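No lab work stands behind these numbers, since they all come straight from the coordinates. What you are looking at is a predicted structure, and each value in this text was computed from that prediction instead of being measured.
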Amino acid sequence: MHVGQVIYHLALPALALALGFIAVNARYLRNSLLDTLDAPYITVARGKGLTERAVLLRHGLRNAFVVFVPELVSGFGLVFGAALVVDYIFRLGGVGTLFLTLLPYNVDGIVQVDTYALMLLLLVGAAFMFTVSVLSEAAVALLDPRMRLD
């Protein structure tokens, strides 16, 4: 019962976070796939008699992901920032709320900032971005047909 309530209350924030990024990334993947399907090796694969599904999955998408994955990873910083905003707007009590409450709003006087907590949050964000970048490079190496050893 408790897990169902958590999922129910996270549906709207997740939808708000995902809608903008789904549209942009779908366009990037579509353009990458269209460029890949115009390549000569796709014509050769079709000429060999492969089905359209095999051409699309084994040759088209695999080569389109080589271009798409780095573009997807470059948007993770935006996703992370948008997650902080969504967290603050929906009052989820996560890192976004903590991060924005640590920032001073009073410009008239001297405001004490907990610099250690702020540095920790920035370090966690940087570690997240570094991890995603390394994992994306590994994914590109696995997906790139030029890196195959067979």
Quiz item: Helix by helix, which DSSP H runs in the chain go 30 Å or more along their axis at the Cα atoms and have an average Kyte-Doolittle hydropathy of 0.5 or more?
Solution: 2-37, 115-143
Quiz item: When the helices in the chain are scored as -39500 (n - 2.57) per DSSP H run of 4 or longer and the sum is shared across all residues, what 222 nm value do you end up with, to the nearest 500 deg cm²/dmol?
Solution: -24500 deg cm²/dmol
Quiz prompt | Alpha carbon convex hull of the chain, projected area averaged over orientations, nm² | solution = 13.8 nm²
